[in-house]
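The block underneath contains the structure these notes are about, expressed in structure tokens.
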Amino acid sequence: MQADPRANVTQLLKMAGEGDSRATDELLPLVYEELRRMARAQLVGDAMAVTIQPTVLVHEAYLRLVGDGDVSWNNRAHFFGAAAQAMRRILVERARHRGRQKRGGGQKRIEMDDALLATEPEAETMLALDDALRKLEAYDPVKGQIVMLRFFTGLTNEQTAQAMGKSATWVKEEWAYARGWLHRELAKQADKD
């Protein structure tokens, strides 16, 4: 009988958190494909919108996660949540770097659905979404976590439920609420511009 790869990842995360550099080296091959899938969920789509390759995004995110050697994750879900945060920060930084900090009055409505998961948003959209998501995380951190797992990692409701230890129905309801909340916040931001 073969060992559960999820348990192996959890064990390696624990060992890496305790300073075992060998565990950090062994961790990347086990999580690489899932991290690439997360990155592709952000970057696949319109070739003109893609400004960073999934491999580059994965490597940048992984270096941020383990680069300083001071890592500590509670479990696999915590690690992938941290990876989603790292990818989000990288994309926001890239959007800011492209010099598009102003959103302007002609901002398009942002639909928080699975179609948006397939492309990297425009710089203005990414910055507006980041601002709104920060407010949501301050208002309700759990809903913010659901957005991170659904939007930034491309997980399904079922996968998000598994990562959070909740039911898929609960995640579906919370995701719907979070999307509505973000729509209202983004509309307020667009009205101000």
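The values are calculated or read from the model by the stated rules, or taken from the named source; none is laboratory data. Please read all numbers here as calculations on a predicted model, not as lab measurements. No Cβ is skipped: glycine too gets one built from the backbone with ideal geometry, and neighbour counts run over all protein chains shown.
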| query | Is it true that some residue in the stretch 94-103 is small (Gly, Ala, Ser), in contact with a helix residue (DSSP H, G or I) (Cβ under 6 Å, 6 or more places away or on another chain) and at pLDDT below 80? | reply | yes
| From the list 91, 116, which residue is closer than 23 Å to residue 56 by Cβ, under 16 Å from the mean Cα position of the chain (by Cα), surrounded by 12 or more Cβ atoms within 10 Å (Cβ to Cβ) and at pLDDT below 55? | 116
| said: I'd like the residue in the stretch 147-172 that is part of a helix (DSSP H, G or I) and modelled with pLDDT of 90 or more and, out of all such residues, is surrounded by the most Cβ atoms within 10 Å (Cβ to Cβ). | reply: 171
